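Worksheet: one structure, shown below.
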Amino acid sequence: MATLEVLGKSLELDADGHLAHLNDWSEDVARILATQEGLAELTPQHWAVIRYMRSVFEKEGDAPSIRRLTKESGVDTKTLYQLFPKGPAKRAAKIAGLPKPKGCI
Amino acid sequence: MRSVLILGGGTAGTIMANKLARVLKHKDWQITLVDKTGDHYYQPGFLFVPFGSYRMRDLIKPRTRFLPESVRYLQSGIDHIDPEKKTVALSNQETLLYDYLIIATGADIHPEQIEGLADAEWGRSKFDFYTPQGAERLGAFLKGWQGGRLVVHVAEMPIKCPVAPLEFLFLADEYFTRRGMRHKVDLQLVTPLPGAFTKPIATAALDKFLARKGISVVPEFNVARVDNQEKKLVAWDETAVPYDLLVSIPTNMGDASITRSGLGDELNFVPTNKETLLAEGLRDVFVIGDATNLPSSKAGSVAHFQSDILLENFLQHAEGRPLPAHFDGHANCFIESGFGKGLLIDFNYKTEPLPGKFPLPGIGPFPLLQESRINHMGKRMFRWVYWNLLLPGWPLPLGAAMPTAGKRMELLQRTV
Ligand SMILES: Cc1cc2nc3c(=O)[nH]c(=O)nc-3n(C[C@H](O)[C@H](O)[C@H](O)COP(=O)(O)OP(=O)(O)OC[C@H]3O[C@@H](n4cnc5c(N)ncnc54)[C@H](O)[C@@H]3O)c2cc1C
């Protein structure tokens with residue numbers, strides 16, 4: 001099982017490389033995950049998206065889609081792709097300490 | 001007298017009407033079904049129309065032919081549902097009361113959701129094959145096309161029948177080969193997914209197929225707009241893919257009546273319990289087929305598997321008992337791979353498509369994730385099965401729960 005070392009603690013990761021436990025997440029963990037994803041810094045807009053993702057997940061058990069993100073988080077699609085290049089839904093979920101979005105099959 | 005109202009008489013609504021009519025006592029129950037049009041289309045056949053192997057008129061039958069006489073059929077648009085009052089307002093001004101409601105209004109394409117897609121050039125250099133008109137127009141266009149870059153583009157997930165774009169490419173490869181002009185055509189799949197399909201083992205197998213047929217894939221492409229002047233798709237990160245002929249699978253959305261009722265998610269799909277098929281937060285409302293927000297595939301086979309679950313749960317729910325049946329997300333899709341061959345995949349919420357054999361009593365094993373002639377026969381037979389077994393709600397040799405017998409389940413560990 002892969003782990004992530006944060007401030008002397010090793011946190012368990014799931015098969016997709018996301019945090020295995022929701023409660024292991026903290027702002028420090030988010031910063032480390034962000035660096036891994038190639039984001040040098042997390043701006044207030046990043047944090048707004050991350051917090052919104054966590055709140056939806058806590059209520060509903062799955063991360064929101066990009067459409068819903070842009071509708072409810074106040075960040076438009078263009079900005080969202082600038083904040084989290086390539087796949088905002090997937091990347092923001094990882095940094096927010098959530099499992100990979102289930103999406104559709 | 002109690003009433004069940006079914007909204008939509010497509011695949012799922014028709015199956016439910018037949019199944020309910022067979023088990024509910026006519027003296028105790030009134031079953032009503034509403035649909036806006038009189039024609040029932042065999043949608044899986046749309047795929048073949050652009051290549052001339054099916055004609056549209058062979059894919060249409062009168063809707064009422066598949067409804068039992070005991071079911072009251074109303075032809076009208078549905079305006080909105082009022083789940084508090086338990087009524088449905090129709091566009092013909094009539095209002096219907098219900099004790100139990102089954103939403104089966106399906107999904108449709110919405111090219112207007114992507115900037116620049118619907119306006120200029122739609123039906124000239126940009127086509128769809130998800131609508132009868134789109135498929136016919138594309139067929140007429142292909143006959144005279146001289147070649148160039150043909151891009152099949154999936155705008156957003158989820159879409160109906162997520163393998164249809166791949167099938168289109170496989171069939172296009174065959175079509176242009178037979179016409180002696182394959183060397184003049186570039187075939188490309190542009191998709192927001194990380195590969196050809198949503199799950200890793202099937203994606204690896206399908207990617208291999210695409211490569212062998214000289215079809216390239218642009219994965220993780222999140223379209224922002226279509227540039228009609230320069231004929232290119234532009235992503236949010238400004239990367240672009242040029243095309244001469246765009247075959248688009250635009251955003252798929254639930255029906256507008258769902259939005260008017262305030263019941264839909266951001267794509268007008270109805271939030272539905274994954275296992276019981278009850279609408280979340282509503283009283284006495286079930287949802288089935290493409291209208292749900294379930295993470296299962298939007299496919300006729302899925303609607304069929306769901307109908308077994310829904311029937312069982314409906315009967316218990318109507319007696320005030322707890323719901324016994326749990327949908328596992330089972331889907332089963334034949335994938336036409338061109339030149340008279342096909343693949344088959346079978347999967348559910350938890351188990352991704354695996355190679356192996358799929359047992360069909362009486363017909364024999366169909367190879368899974370492997371090209372074979374019998375899978376192609378299966379696909380072509382599906383039209384007959386659809387009209388004669390599936391819509392009437394007769395048992396198919398396929399149960400609601402996904403079988404694991406014959407599958408190479410050991411492959412699953414390797415991917416985790
Ligand atoms: C190109 C293509 C290829 C496909 N290939 C396959 C395949 O190979 N295998 C497979 O299993 N599936 C395939 N499918 C998917 C399959 O056709 C659908 O998943 C299936 O038809 C869904 O059934 P449904 O009852 O949920 O929706 P539908 O069959 O679409 O029915 C919805 C009905 O509701 C009615 N309706 C909607 N809104 C209103 C309103 N406001 N008022 C009145 N009536 C309304 C519509 O008129 C329609 O009749 C394919 C689909 C397409 C487009």
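The values are calculated or read from the model by the stated rules, or taken from the named source; none is laboratory data. The shown structure was predicted, so the numbers you read here are calculated from the model rather than taken from an experiment. Note that we place each Cβ from the backbone using ideal geometry, even for glycine, and neighbour counts take in every protein chain shown. Note: areas computed on protein heavy atoms with side chains; ligands, DNA, RNA excluded. Shrake-Rupley method; radii C 1.70, N 1.55, O 1.52, S 1.80 Å.
Quick check on segment B:111-247: of the DSSP beta bridges with both residues there, what percent are antiparallel, nearest 5%? Intermediate results must be reported in sequence, preceding the final value.
Numbers: 7 of 24 bridges.
Around 30 percent antiparallel, to the nearest 5.
If you place +1 on the Cβ of every Lys and Arg, -1 on the Cβ of every Asp and Glu, and leave all else neutral, what size is the dipole of segment B:161-290 about its Cα centre, to the nearest 20 Debye? Kindly include the intermediate steps, with their values, before the conclusion.
Numbers: 14 positive and 18 negative charges, 125 e Å.
Using Cβ point charges on Lys, Arg, Asp and Glu, segment B:161-290 gives about 600 debye.
Which positions within segment A:73-101 get 10 Å² or more of their accessible surface covered by the other protein chains, compared to the chain by itself, with a 1.4 angstrom probe?
When all protein chains are present, A:T77, A:K78, A:Y81, A:K86, A:K90 each give up 10 Å² or more of accessible surface.
Between chains B and A, what is the buried accessible area in Å², counting both sides, with a 1.4 Å probe and ligands, DNA and RNA left out, to the nearest 100?
Interface area, both chains combined: 1700 Å², rounded to the nearest 100.
Only protein chains counted, 1.4 angstrom probe. Which residues of segment B:184-230 are at least 20 Å² less accessible in the assembly than when their chain is isolated?
Flagged in segment B:184-230: B:T198, B:K199, B:E220, B:N222.
Only helical DSSP H runs with n ≥ 4 go in: add -39500 (n - 2.57) per run for the protein assembly as shown, normalise by residue count and round the 222 nm mean residue ellipticity to 500 deg cm²/dmol. Mind dumping the intermediate values first?
Values: 13 runs with 145 residues, N = 521.
The per-residue figure over the protein assembly as shown is -8500 deg cm²/dmol.
Treating the beta-carbon of each Lys and Arg as +1 and of each Asp and Glu as -1, no other charges, what is the dipole magnitude of segment A:3-95 about its Cα centre, to the nearest 20 debye? Please report the intermediate quantities before stating the final value.
Details: 13 positive and 14 negative charges, 93 e Å.
Charge dipole of segment A:3-95: 440 debye, to the nearest 20.
So how do B:L390, A:L22 rank on accessible area, 1.4 Å probe, biggest first, that is with the largest at the start? Could the numbers behind the result be given before it?
Working: B:L390 0, A:L22 50 Å².
The ranking, largest first, comes out as A:L22, B:L390.
For segment B:331-415, what is the accessible area per residue in Å², given a 1.4 Å probe and the full set of protein chains?
Details: 3830 Å² over 85 residues.
Dividing the accessible area of segment B:331-415 by its residue count gives 45 Å².
Using a 1.4 Å probe, how large is the accessible area of B:I215, given in Å² and rounded to the nearest 10?
10
Find how many whole Å separate the alpha carbon centroid of segment B:147-186 from the alpha carbon centroid of segment B:88-108.
Each part reduced to its Cα centre gives a spacing of 37 Å.
Could you order B:E352, B:E115 so the one with the most accessible surface comes first? Probe is 1.4 Å.
On the way: B:E352 20, B:E115 120 Å².
Highest to lowest solvent-accessible surface, that is B:E115, B:E352.
Among the listed pairs A:K100/B:K36; A:K86/B:K143; B:K126/B:K379; A:K71/B:K208, which have their C-alpha atoms separated by more than 31 angstrom in this model? Don't jump to the answer; show the numbers that get you there.
Numbers: A:K100/B:K36 39 Å; A:K86/B:K143 37 Å; B:K126/B:K379 27 Å; A:K71/B:K208 38 Å.
In this structure, A:K100/B:K36; A:K86/B:K143; A:K71/B:K208 lie more than 31 Å apart at Cα.
Test of the criteria: in segment B:280-344, which GluC sites (Glu not before Pro) are in a DSSP loop and have at most 12 other Cβ atoms within 10 angstrom of their Cβ? Intermediate results must be reported in sequence, preceding the final value.
Numbers: sites: B:E280, B:E312, B:E319, B:E336; in loops: B:E280, B:E319.
Listed in order of number, the matching sites are B:E319.
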